[in-house]
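First up is the structure itself, then whatever we jot down about it.
The values are calculated or read from the model by the stated rules, or taken from the named source; none is laboratory data. Fair warning: this is a prediction, and the values are worked out from it, not measured in the lab. As a convention, Cβ positions derive from the backbone with ideal geometry for all residues, glycine included, and neighbour counts pool all protein chains shown. Surface accessibility is based on the protein's heavy atoms, side chains included, excluding ligands, DNA and RNA. Shrake-Rupley method; radii C 1.70, N 1.55, O 1.52, S 1.80 Å.
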Amino acid sequence: MPNIALLSTDNLEDFFVYDELLIPYFSKQGWGVETVSWHCASENWSRFDYVIVRSTWDYQQHADEFLSCLKAIDASKATLLNPLRLMQWNIEKFYLKDLYDKGVNIVDTLWCDAFDSSEIENAFTHFATDTIVVKPVLSANADDTFKLSKQGWAAQLNTLARVFASRRFMIQPFLPSVVEEGEYSLFYFGGQLSHAIKKVPQRGDFRVQEEHGGSLFLVNADAAQQEIATQALNAMPLPALYARVDLIKHNNEWAIMELELIEPSLYFNLDDASPERFVNAMLAFHEAVQK
C-alpha cells in the first residue's frame, strides 16, 4: 500500500498543528504515514509514494532552500502535492494579480518592488483611508506584517526600511470588517468544499491566526462565499488536492484575501469529519493516477 510523507519542519512548539488527525484514517486504508522535516537534506524522497506539504511553517524565512527541497521531491519517484508548478505560482502573492485579471474580486492592493517612504505616504491617499496594512509578497503567519496609521506610521520608518530593504511588498487598506465581522476560510479537498471557519482577532489586534490569539469558529459557507471561492479555484493554473480560500468583506462584497495552496492549516480539529474527507480526496487522487 502507498506510503506518505507529511512535510513539516523542525520546530513547531509555537504552532497549533492538526495533521496527526489524518493518520488514523490513512492507517484504516492500510497507508503508511510519516512526518518528515523539509530541512532533512539526507532524506530519500523516493521511498515515499506521495509527499504532501503540510506544516512547513518556516519556509518564508528560507524561500530558496524550500523551493530547492520541493524540486528535489518533484524529481524523485514521489508525487508532490500540491504539484510543484502550482506551489511555485502560489508562493508569492502576485498570484492575486492573476485572479484579478480573470475577474475574481480581490482586496485592493498596491505592489512595491523597492522600499520608498513615499509609497507608504501615497497609499493613504490612494485608498482614501487613515489605516493601511503592509506585508511582504512572500510571507506566512502574518510575519513582518504592519498595520500603519496615517498619523503615526513615520515612527516605524526605520523598521519598515530595514524589513523591506531587499523585499518586494504589498500595501492594502486596513479593512474594519476584519475586526467587526472576521475573516472566513473555506477548505476544499479534491475540488469539493469540506468545511468553513470564521477567524476573529483578539481585542486590540488585527491578526486572526491562533498563534496571535485569534478565535476560530466552524460556520456554514453561504452561496456568495462559495461562488467567489469557486471562481478563485477555477483561476488556478492546475487543480489542487487541497486549498484554503480566505475571504473578507470589502466594499460590501466578498473579496479574496488569500488563496493558500502550499502549507495552509486546514483546521481538522474544528470539523470531526474533515480528516476523513481529506483522506477520501487523496484516495480518489490515487485511484485516478493508477488508471
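Side notes on the structure shown:
- Taking Cα atoms only, the orientation of helix 274-290 departs from the longest principal axis of the chain by about 60 degrees.
- Helix 223-234 axis, angle to the chain major axis (alpha carbon atoms, nearest 10°): 70 degrees
- Label-reachable residues, region 142-171, where backbone N falls under 19 Å from a point 7 Å from residue 67's Cα toward its Cβ: 164-170
- Whole-number D in µm² s⁻¹ for region 229-290, Kirkwood Cα-pair radius fed into Stokes-Einstein, 20 °C, 1.002 mPa s: 160 µm²/s
- In the full protein context, the chain carries 46 Å² of accessible surface per residue, based on a 1.4 Å probe and ignoring ligands, DNA and RNA.
- Averaging 1/r over every pair of different alpha carbons in region 91-139 and inverting the result gives a Kirkwood radius of 12.1 Å.
- For the chain, built as a Gaussian network whose Cα springs stay under 10 Å, the top-fluctuating residue of 239, 136, 275: 239
- Equivalent ellipsoid semi-axes - Cα gyration tensor, the chain, angstrom: 33, 22, 17
- Taking every C-alpha pair closer than 8 Å and separated by at least 6 residues, the mean separation divided by the residue count of the chain gives a relative contact order of 19 percent.
- Pairs from the list 28/102; 93/150; 28/291; 28/97; 71/249; 135/249 with a Cα-Cα gap above 30 Å: 28/102; 28/97; 71/249.
- Taking label points 7 Å from Cα along the Cα-to-Cβ direction, residue 143 and residue 10 give a separation of 1.4 nm.
- For region 132-176 versus region 62-114, the spacing of their alpha-carbon centroids is 21 Å.
- The gain in end-to-end length when the residue 46 to residue 272 segment is fully stretched comes to 78.1 nm, 0.36 nm per residue minus the alpha carbon separation.
- Cα-Cα P(r), region 62-195, percent of pairs per 10 Å interval: 10, 33, 33, 18, 5, 0
- Relative contact order [Cα under 8 Å, 6+ residues apart], region 105-252, whole percent: 23 percent
- Neighbourhood charge, 10 Å Cβ-Cβ cut-off, centred on residue 260 and excluding it, Lys, Arg +1 and Asp, Glu -1: -2
- Helices in the chain, meaning DSSP H runs of at least 4 residues, each add -39500 (n - 2.57). Divided by all residues, the mean residue ellipticity at 222 nm is -8500 deg cm²/dmol.
- Global form of region 1-81, assessed from the alpha-carbon gyration tensor, a/c cut-off 1.5: oblate
- Cα-based helix-to-principal-axis angle, 117-127 vs the chain, degrees rounded to 10: 90 degrees
- Whole-percent carbon and sulfur share, accessible surface of the chain, 1.4 Å: 45 percent
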